[in-house]
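Accompanying notes for the structure given below.
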Amino acid sequence: MITLKGQHIYLRALEPEDLEFVYAIENNEEIWEISNTQTPYSRFLIRQYLENAHQDIYEAKQLRLAICLLNSDVAVGLIDLFDFDPKNNRAGIGILIQKEEDRTKGIGTEALQLVIQYAFHQLQLHQLYANIGTENSRSLQLFSKFGFQKIGIKKDWNLNKGKYQDEYLFQLINFKK
């Protein structure tokens, strides 16, 4: 079994050719509230990031993978493991599908399933967590589908367009270890 390949998509490491794709995502102000970004990124900084993307998750404490349709090397989204904590065997997880029309095709579902399997089987993690805004119904539905449990709420956690919004903390524990 190939861990990062599904029926319709596969996940791959970022390549230098992904510069414009990552640049477009990181500079899309509509998603800055999700990524907690406030300023644009230059191509220079993204190029430097891509040059270091080869770092092992144990070294970088994060892993960002491109989500690609089968038979294509073109990325349609990104999925991240972040705040990797090998001592406590946990990591945060986040996902973004770039185009609105691709967000209802099951791409995110398949990508999340692959990363959960990878995190629990390859990395031997005990738990994954996700921070999801209370208004983000698609993400709430997606993560709930995989058994993530809402374990807390962070009140007035994110300031978005002049208004404070709550954020849920979701957790998935690997009881099969």
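The values are calculated or read from the model by the stated rules, or taken from the named source; none is laboratory data. This is a predicted model, so every value here is computed, not measured. So basically every Cβ, Gly included, is an ideal-geometry build from the backbone, and we count neighbours across all protein chains shown. These area figures cover heavy atoms from the full protein model, side chains too; ligands, DNA and RNA do not enter into them. Shrake-Rupley method; radii C 1.70, N 1.55, O 1.52, S 1.80 Å.
Estimated at the nearest 10 Å², the accessible area of ASP80 is 30 Å² with a 1.4 Å probe. Given R₀ = 22 Å, what would the calculated FRET efficiency be for LYS5 paired with GLU59, taking r from the Cβ atoms and rounding to 0.05? Efficiency at R0 = 22 Å is approximately 0.35. What's log10 of I(q)/I(0) for the range 51-108 at q = 0.18 Å⁻¹, Debye sum over Cα points only, no solvent? Normalising to I(0) and taking log10 leaves -0.70.
Stretch PHE175-ASP102 to full length: gain in nm at 0.36 nm per residue minus the Cα-Cα span? Please report the intermediate quantities before stating the final value.
On the way: separation 73, 0.36 × 73 = 26.28 nm, distance 3.22 nm.
Full extension of this stretch gives 23.1 nm more.
Calculated on the Cα set of the range 87-177, radius of gyration then Dmax: 14.0, 44 Å. Place a point 7 Å from the Cα of HIS121 along the Cα-to-Cβ direction; which residues of the range 149-177 have their backbone N under 20 Å from it? Answer for this model: 172-177.
Sorted by accessible area with a 1.4 angstrom probe, largest first, how do ILE46, ILE153 fall? Don't skip to the end; give the middle numbers.
Numbers: ILE46 5, ILE153 80 Å².
Largest to smallest exposure gives the sequence ILE153, ILE46.
Shape analysis of the range 71-137 yields a ratio of the Cα radius of gyration to the Kirkwood radius, Rg/Rh, of 1.00.
Charges were assigned to the Cβ only: +1 to each Lys and Arg, -1 to each Asp and Glu. The resulting dipole of the chain about its Cα centre is roughly 740 debye. Measuring nothing but protein heavy atoms, the accessible surface of the range 1-131 at 1.4 Å probe radius is 48 percent carbon and sulfur.
Between Rg and the Kirkwood Rh of the chain, both from Cα atoms, what is the Rg to Rh ratio? It would help to have the intermediate numbers written out before the result.
On the way: Rg = 15.9 Å, Rh = 16.9 Å.
Rounded to two decimals, Rg over Rh is 0.94.
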